[in-house]
Amino acid sequence: MSAKAPRKSRMPGAAANSGAKGNEICLRLYVASTTPNSERAMANLDAALRDSTGLPRYRVELIDVLADAKRAVTDNVIVTPTLVAIGSKRQLVMIGDLSDSHKLQGLLKAAASFS
């Protein structure tokens with residue numbers, strides 16, 4: 001992947017509205033292009049969000065740190081993949097390919113309490 005504009009997109013199944021409003025969860029997934037770990041993390045997060053019941057709406061921002069290294073530095077992300085759930089006063093972070101489904105579900109449930 002060439003160094004183009006940062007890749008910010010919603011993942012399949014993500015809520016359509018773009019702002020973190022009301023009881024919407026804001027999730028940022030920092031990846032390193034299409035590396036195997038990044039691909040697994042995207043697939044694992046997508047599966048977890050599809051399988052989750054009772055969660056509020058969510059918005060997933062996908063950030064390719066190879067295309068936007070400055071963003072990674074600004075956001076203090078030094079390892080990929082990294083998932084950050086963002087609340088008004090705190091953040092939750094999970095590093096790795098998100099293959100531990102129990103930890104990932106725990107993070108999503110804890111993030112739901114942000115709203």
Residue satisfying all of: in region 33-42; within 13 Å of the chain's Cα centre (by Cα) and not polar (S, T, N, Q); farthest from residue 64 (Cα to Cα) among these: 40
Matching residues, region 76-101, being surrounded by fewer than 17 Cβ atoms within 10 Å (Cβ to Cβ) and over 21 Å from residue 112 (Cα atoms): 76, 78, 79
Residue 46 vs. criteria of a type in the set (Asp, Glu) and under 19 Å from residue 24 (Cα atoms): yes
Test: residue in region 31-50 that is under 20 Å from residue 114 (Cβ atoms) and modelled with pLDDT under 95: yes
Looking only at region 79-106, and only at residues there that are in a loop (DSSP other than H, G, I, E, B) and modelled with pLDDT of 95 or more, the one that is farthest from residue 41 (Cα to Cα): 79
Selection status of residue 49, assigned to a strand (DSSP E or B) and either open to solvent by less than 20 Å² (accessible area, probe 1.4 Å) or β-branched (Val, Ile, Thr) (or both): no
Residue count for region 69-78, restricted to those that are part of a loop (DSSP other than H, G, I, E, B) and either under 11 Å from residue 33 (Cβ atoms) or of a type in the set (Ser, Thr, Tyr) (or both): 0
Extreme residue, most open to solvent (accessible area, probe 1.4 Å), among residues of region 58-75 that are small (Gly, Ala, Ser) and without any contact (Cβ under 8 Å) to a residue 60 or more places away in the chain: 69
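The values are calculated or read from the model by the stated rules, or taken from the named source; none is laboratory data. For clarity, every value in this text was computed on a predicted model and none was experimentally measured. Cβ coordinates were reconstructed from backbone atoms using ideal geometry, including for glycine residues, and neighbour counts include every protein chain displayed. Just so you know, the surface numbers come from the protein's heavy atoms only, side chains and all, with ligands and any DNA or RNA stripped out. Shrake-Rupley method; radii C 1.70, N 1.55, O 1.52, S 1.80 Å.
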